[in-house]
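Some notes on the structure that comes next.
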Amino acid sequence: MKLDPKILFLVSSCSLLNSGCFQTTELKFNDQRAAIASGRVPASAVEDYSLELPITKRHYVASVFSQVFAIQEISPDGDLLRNEVFFKKEFGGSCDPYGVSEIIVNGTTNQEFIHYRCGSGITSDLIATSNPMRYAWTTKACENNIAGRPARFAAAMNQVLTGWTPGSTQPQHRPGPDNVKKAYGLFFQGREPDPEEVAALLQLGSTAQSNDDSWKLILISLCINPEWQSLI
């Protein structure tokens, strides 16, 4: 399943926590046109081909954020990530209130395995669904890390561009097909973008005045895209 390139512009314009961009029902996809195009059903078919997107649980989403933005488990940003993703029941998955232990370091008592702490009181293994609140929290986490925390933005950019520095005007630091593919791979791990997706991201980046702003638009659009959290 590939995202229509036009959607990339929609999701970027729906950022900055614009709640009006989120519908109140579970997100679904209609595969009727694909079924007809592949010859699986005749064009006159009227069956409902709506599909629910198989979705990952909180553990995967939190791990991707940790990798992309180099978020340390014991840090203010680590606490924020837990509050925005790991402790939100909308992401599904389980937690273990007895999984946290303590360790004494230099006379100071610290918690170990704090991801196991159940901030929302969840003890059962909840089913992960593509509900709108999940993506509202995702959007908040994306924008906080990309637009609101220079160090986290820099951590992502240093994986995309060798030698990148904030405010760079160097031509090699502009978005291009190869480095946009690297940015895509931060979230869509192990997957290759279609040329149309790369072109749409480049066009989106070209609407900004600076290299930094171009990359922020591109990274936010990739980060808030629901598809990287899917199982297909």
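Sorted by accessible area with a 1.4 angstrom probe, largest first, how do HIS173, HIS59 fall?
Numbers: HIS173 10, HIS59 90 Å².
Largest accessible area first, the list is HIS59, HIS173.
So for the range 146-188, what are the equivalent ellipsoid semi-axes in whole Å, largest first, each being the square root of 5 times an eigenvalue of the Cα gyration tensor?
The equivalent ellipsoid of the range 146-188 has semi-axes of 16, 15, 8 Å.
Viscosity 0.692 mPa s, temperature 37 °C: give me the Stokes-Einstein translational D for the range 172-232 in µm²/s, with Rh taken as the Kirkwood radius over C-alpha pairs. Can you show the working numbers first?
On the way: Rh = 11.7 Å.
Diffusion coefficient, whole number: 282 µm²/s.
Working from the alpha-carbon coordinates of the range 115-232, get Rg over Rh, Rh being the Kirkwood radius.
Details: Rg = 15.9 Å, Rh = 15.6 Å.
The Rg/Rh ratio comes out at 1.02.
Can you give the local net charge around ASN145? Use residues other than it whose beta-carbon is closer than 9 angstrom to its beta-carbon, Lys and Arg +1, Asp and Glu -1.
Values: positive: ARG149, ARG152; negative: ASP77, GLU143.
Result for the neighbourhood of ASN145: 0.
The values are calculated or read from the model by the stated rules, or taken from the named source; none is laboratory data. Treat the numbers as computed from the prediction; the structure is a model and nothing was measured. We place every Cβ from the backbone using ideal geometry, glycine too, and count neighbours over all the protein chains shown. Side chains are part of the model used for accessible areas, which takes the heavy atoms of the whole protein and leaves out ligands, DNA and RNA. Shrake-Rupley method; radii C 1.70, N 1.55, O 1.52, S 1.80 Å.
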